[in-house]
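The values are calculated or read from the model by the stated rules, or taken from the named source; none is laboratory data. All of these numbers come straight from a predicted model, not from anything done at the bench. As a convention, Cβ positions derive from the backbone with ideal geometry for all residues, glycine included, and neighbour counts pool all protein chains shown.
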Amino acid sequence: MRIIQSFAEFEEGGLYNKDNKKGYLNFYSFLLSYLTLNRYYGHVTMICNESAYNSFIRYIPYDEIIFLENKNDVKFWNIYKIDALKSIKEDVIHVDSDVFIFGEIFHEFIFTNNWDVMVQDIIPLEYHSHFTNGFVGKNENFLHNNGIISRGLYDGRFTSCGTLGLTARSKEKYFEAVDKLYPAMKSKELVAGNSLILEELTLYLVSLMNKFRVLQVLSRDSMTNLGPQQAGNQNKYTHMWFSSKFDKRNVELIKRKIRIEFPHYRKLIDKYEMELVENKI
């Protein structure tokens, strides 16, 4: 089982950093994410483009770097994540670089044969009805004819993929579906398409269609009863939602966490910040 992370820079900036002015702050969440993964699971591979590596990834002691250039438009920003997953031949867990783990929470997926897919959680559509904008209903014929989801089978949910684990069986079906949807979405053959649909809704449709066994890091009961933050705390899992990783207070908390729990790596922060000053950032 390979543990990977991925990141590519776009000339246009990112989803939560459109002007590129806060990109240097990614370093802190990426470093803590790597350190927590490495603490519990050892070897972590970063897949990135050269621009991202030169920007800040080179300061983080990933166990392996794989360079994969980014051929995607920023409109489909998270397709790079799927490209990264495709580049790994064995079973794989992708953890977003704004996710921190504080326990051996992936053991069930790694060390048993009980699961085909692992996700952060499965979300009822009523929580984020704007997310899919009726995608399944509006594209029912395409989805049915291409074997992605049969008519009447969709139950109105989708996966949240801050953490995403795939086995050989689920990878094959998932990538096959994405490869059908992506060109149709770019050509606007499909209605109401967006990049997150390719990652998160498509995975759910494929899992439903193929009766994949899906393990959730955060259970629906804990998410409903406690909310994302407390559910994460209960399950030793933190996801820095949306642009929160660029918030000054959160950056300081991350730095403090690293300095206290991983004191050997304090020097990486000092070195990085010294170069920021030298480069007048």
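Only residues that are touching a residue at least 12 places away in the same chain (Cβ under 8 Å) and surrounded by fewer than 18 Cβ atoms within 10 Å (Cβ to Cβ) were counted in segment 42-67, giving 11.
Okay, residues lined up against (1) assigned to a strand (DSSP E or B); (2) in contact with a helix residue (DSSP H, G or I) (Cβ under 8 Å, 6 or more places away or on another chain); (3) surrounded by 15 or more Cβ atoms within 10 Å (Cβ to Cβ); (4) at pLDDT 95 or above:
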{"site": "PHE109", "(1), (2), (3), (4)": "no, no, yes, yes"}
{"site": "ASN113", "(1), (2), (3), (4)": "no, no, no, no"}
{"site": "ILE122", "(1), (2), (3), (4)": "yes, yes, yes, no"}
{"site": "PHE131", "(1), (2), (3), (4)": "no, yes, yes, no"}
{"site": "VAL136", "(1), (2), (3), (4)": "no, yes, yes, no"}
{"site": "GLY147", "(1), (2), (3), (4)": "no, yes, no, yes"}
{"site": "LEU153", "(1), (2), (3), (4)": "no, yes, no, yes"}
{"site": "LEU164", "(1), (2), (3), (4)": "yes, yes, yes, yes"}
{"site": "LEU181", "(1), (2), (3), (4)": "no, yes, yes, yes"}
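Residues in segment 217-241 that are surrounded by fewer than 19 Cβ atoms within 10 Å (Cβ to Cβ), closer than 21 Å to GLY165 by Cβ, under 20 Å from the mean Cα position of the chain (by Cα) and not charged (D, E, K, R): SER219, PRO228, TRP241. Of everything listed in (1) in a helix (DSSP H, G or I); (2) under 12 Å from TYR24 (Cα atoms), the single unmet condition for ASN250 is (2). Scanning segment 198-225 for residues that are within 15 Å of GLN120 (Cα to Cα), in a loop (DSSP other than H, G, I, E, B) and charged (D, E, K, R) gives a single hit, ARG213. Residues that are touching a residue at least 60 places away in the same chain (Cβ under 8 Å) and of a type in the set (A, V, I, L, M, F, W, C) within segment 252-281 comprise ILE254, ILE258, PHE262, LEU268, ILE269, LEU276, ILE281, listed in sequence order. Does any residue of segment 111-132 turn out to be in contact with a Gly (Cβ under 6 Å, 6 or more places away or on another chain) and under 24 Å from MET1 (Cβ atoms)? Yes, that holds for at least one residue.
How about segment 19-39: which of its residues are in contact with a helix residue (DSSP H, G or I) (Cβ under 9 Å, 6 or more places away or on another chain) and more than 24 Å from GLU278 (Cα to Cα)? Once the filter is applied, which keeps residues that are in contact with a helix residue (DSSP H, G or I) (Cβ under 9 Å, 6 or more places away or on another chain) and more than 24 Å from GLU278 (Cα to Cα), segment 19-39 yields LEU35, THR36, ARG39. Among the residues of segment 61-99, the one identified as in a loop (DSSP other than H, G, I, E, B), closer than 23 Å to LEU25 by Cβ and of a type in the set (Gly, Ala, Ser) is SER97.
Of all residues in segment 227-263, those being under 19 Å from LYS22 (Cβ atoms) and basic (Lys, Arg) number 4.
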